[in-house]
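Below is one structure, written out as structure tokens; comments come after it.
The values are calculated or read from the model by the stated rules, or taken from the named source; none is laboratory data. Because the structure is predicted, anything quoted here is derived from the model rather than measured. Neighbour counts are summed over all protein chains in view; Cβ atoms, including those assigned to glycine, are modelled from backbone coordinates with ideal geometry. For accessibility, only protein heavy atoms count, side chains too; no ligands or nucleic acids. Shrake-Rupley method; radii C 1.70, N 1.55, O 1.52, S 1.80 Å.
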Amino acid sequence: MDNTGLAFEAAEILSRKDGISAITRTINDIKITDVKISEAAAARVGKPAGRYITLEGEPYARGMTALFRRALLQVLPPCGRLFAAGLGNPDITQDSLGAAAVRSMTARHGVRYSLSAIETDVAARTGLDTARLVKAAASELKADCVIAIDALACRNPRYIGKTVQISDAGIVPGSGAGSERGKLSRGRLGIPTAAVGIPTVTALSSITGNKSDAGFLVTTADIDAVVKMWAEVLGGGISSLAE
């Protein structure tokens, strides 16, 4: 199991190697890290090549929604039809971020973008492969870009609910829990794919230091409130693109 979905954690020890660049700045107490991983460095880091923008801060931090929106625009096409896909199991709190974010959105047609959205649930319940479902729906809608939203895992528990990552490198539904299903990416879907993720769990081994605990995932006591607040940030930021 890859126990982090955060690129800056994976790239941390290799940040001075060829093929990886990282720029960090702070706005309104929100730390912004912009990591770029080349094709040559991807295998070393264990993350797909691409751009990963990370915002570190509380969901209610001043300017968080605006900064999230600005970061997302960095990995979207300049205009067109946006299709947001909320991934994960809506009945499991730490995996419900995608569904909760979609429920906070407003589908609309704006000057620059139009927005449609769907909750995918999980293949174990629907019997449908998530990547195939999203690809079919995006094709039917003639979408120009997919925004895939999902919960992530992290190595350092202090990042749980304190970090949002935006990437153009795609996402693998269920990978945070050790599952490897069809990847949602430009290569698979045929259109630009922006991945938005927030860590909601960490491996127990990252806390105990015992490798035998790696198969257990833990989260915070207030994860229900954390997911709700972040869902409103993500839903509001994405909806505002289509105003």
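The set of residues in segment 120-137 that are in a strand (DSSP E or B) and surrounded by fewer than 19 Cβ atoms within 10 Å (Cβ to Cβ) is empty.
Does segment 80-100 include one or more residues that are hydrophobic (A, V, I, L, M, F, W, C), over 22 Å from Leu152 (Cβ atoms) and out of contact with any His (no Cβ under 8 Å at 6 or more places or on another chain)?
In the first step, residues of segment 80-100 are kept if they are hydrophobic (A, V, I, L, M, F, W, C); the result is 82-85, 87, 92, 97, 99-100.
Okay, now just the ones that are also over 22 Å from Leu152 (Cβ atoms), so none.
There is no residue in segment 80-100 that is hydrophobic (A, V, I, L, M, F, W, C), over 22 Å from Leu152 (Cβ atoms) and out of contact with any His (no Cβ under 8 Å at 6 or more places or on another chain).
The C-beta contact set for segment 31-53 (first residue aliphatic (A, V, I, L, M) and surrounded by fewer than 16 Cβ atoms within 10 Å (Cβ to Cβ), second residue at pLDDT 90 or above and assigned to a loop (DSSP other than H, G, I, E, B), distance under 9 angstrom, 6+ apart or interchain) comprises Ala40/Ala49. Criterion applied to Phe8, Phe68 was being at pLDDT 95 or above and under 16 Å from the mean Cα position of the chain (by Cα), and the one residue passing it is Phe68.
Looking only at residues that are touching a residue at least 40 places away in the same chain (Cβ under 8 Å) and outside any strand (DSSP E or B) in segment 185-204, which one is nearest to the chain's Cα centre (by Cα)? Here the residue is Ser185.
Restricting the search to strands (runs of 3 or more DSSP E) fully inside segment 1-119 and requiring at least 3 residues that are farther than 14 Å from Ile198 by Cβ and of a type outside the set (Ser, Thr, Tyr) gives 20-27, 30-37, 80-87.
Can you tell me which residues in segment 209-243 are open to solvent by 60 Å² or more (accessible area, probe 1.4 Å), in a helix (DSSP H, G or I) and modelled with pLDDT of 95 or more?
Within segment 209-243, Ser212, Asp224, Lys228, Met229, Glu232 meet the criteria.
Condition check for Glu140 on (1) closer than 23 Å to Asp91 by Cα; (2) at pLDDT 90 or above; (3) surrounded by fewer than 18 Cβ atoms within 10 Å (Cβ to Cβ): one failure, at (1).
Looking at this structure, is Ala137 of a type in the set (A, V, I, L, M, F, W, C) and closer than 25 Å to Gly50 by Cβ? Write out each step before concluding.
Values: of a type in the set (A, V, I, L, M, F, W, C): yes; closer than 25 Å to Gly50 by Cβ: yes.
Considered against the rule, which asks whether it is of a type in the set (A, V, I, L, M, F, W, C) and closer than 25 Å to Gly50 by Cβ, Ala137 comes out as yes.
In segment 62-84, the residues that are touching a residue at least 60 places away in the same chain (Cβ under 8 Å) form Cβ pairs under 6 Å with partners that are acidic (Asp, Glu) and open to solvent by 30 Å² or more (accessible area, probe 1.4 Å), at six or more places apart or across chains, as follows: Val75/Asp168; Pro77/Asp144; Gly80/Asp144; Arg81/Asp144.
Whether any residue in segment 80-98 is over 30 Å from Thr219 (Cβ atoms) and open to solvent by 50 Å² or more (accessible area, probe 1.4 Å) is what I want to check. Can you show your working first?
Keep residues of segment 80-98 that are over 30 Å from Thr219 (Cβ atoms), which gives 80-81.
Among the residues that remain, those that are also open to solvent by 50 Å² or more (accessible area, probe 1.4 Å) are: 81.
Taking every residue of segment 80-98 in turn, at least one turns out to be over 30 Å from Thr219 (Cβ atoms) and open to solvent by 50 Å² or more (accessible area, probe 1.4 Å).
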